[in-house]
Each structure stands twice: as C-alpha cells, then as structure tokens.
Amino acid sequence: MGMFHQALENVKDLFRHERITVMDENGDMVEKINKPEPLLNPITLLAKLTWKNWLFFITGLAAWTMDGYDFHSVSLSLTNLSKWYNVSKTDVSTSITLTLLFRSVGYAFHSPSCFSHI
C-alpha cells in the first residue's frame, strides 16, 4: 500500500470510522474498523434537559453574548480610546490582545484544580 493511498484512508477514517489495532487469536496484530454510534436526534436531546439544565444553558449563552458585545464595543471604539488616553491605536489594540491572552493564564493559575492538593 502506497503512502498516498494510506494517507487518503487515514483522512477518510477521520470522518467515518475509528481504526483500531487488536491482537487476534494467533497473536497477529490486525487492524479493525469500528463504526461510530449513530448520531442522536438533537430534538430528543433537548427534550431530556431539565429546567436547571436550561437555566445553566441560558445563563452561559447570555454571559457569552455579553462578553462578545463587550469585546466588540471596545474594539470599535479604538480611535476614541487612543485619543482619550493619548496613546496610539496600536498600544490600545495590543493591550486588548494581551488582556485576552492572559485571561487563560490567570485561569490556569487560579482555577480550583490548582488547589486540589490542599
């Protein structure tokens, strides 16, 4: 089997099936393909949510929406912010970028999993 053919099969497997290697009764390694479970109907999954699940979902969606609104409102007022603070637009956009980058760093240092050993 050529390298191109193998690469093509691997790409197809990403979207179709899971390829696993198992040992048969003779001790030989054999590749098998597991077919994925069929997808569930999303309406059925939504019907299984409790009122508490819906509340968590709506709260998260609202927070995500407000975060996006806040980010874009600051980005759109870049010129006004640079005039107000007497700095360049590059400095303001750099501070926005660094703020977004360091949010994940702060979470990594202050998340509850960091204190699980205490």
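Test W54 against the criterion of being open to solvent by 100 Å² or more (accessible area, probe 1.4 Å) and not charged (D, E, K, R), and give yes or no. It is false that W54 is open to solvent by 100 Å² or more (accessible area, probe 1.4 Å) and not charged (D, E, K, R).
Contact annotation: residue pairs with Cβ atoms under 6 Å, 6 or more positions apart or on different chains, pairing a residue in segment 66-87 that is closer than 15 Å to T99 by Cβ with a partner that is surrounded by 10 or more Cβ atoms within 10 Å (Cβ to Cβ) and aliphatic (A, V, I, L, M), are L78/V92; L81/V92.
For (1) of a type outside the set (A, V, I, L, M); (2) modelled with pLDDT under 90, each residue gets a yes or a no:
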residue	(1), (2)
D13	yes, yes
T21	yes, yes
L40	no, yes
T50	yes, no
A62	no, no
S75	yes, yes
T79	yes, no
A108	no, yes
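Looking at (1) modelled with pLDDT of 85 or more; (2) surrounded by fewer than 10 Cβ atoms within 10 Å (Cβ to Cβ), which is the only condition F115 fails? Result: F115 passes all but (1). Can you spot a residue in segment 72-83 that is over 30 Å from N10 (Cα atoms), within 22 Å of the chain's Cα centre (by Cα), open to solvent by 70 Å² or more (accessible area, probe 1.4 Å) and not hydroxyl-bearing (S, T, Y)? Yes, segment 72-83 has at least one match.
The values are calculated or read from the model by the stated rules, or taken from the named source; none is laboratory data. This structure is a prediction, so every number in the text was calculated from the model and none was measured. Cβ: placed from backbone, ideal geometry, glycine included. Neighbour counts: every protein chain shown. Ligands, DNA and RNA are stripped out before the accessible areas are found, and what is left, the full protein with its side chains, is counted by its heavy atoms. Shrake-Rupley method; radii C 1.70, N 1.55, O 1.52, S 1.80 Å.
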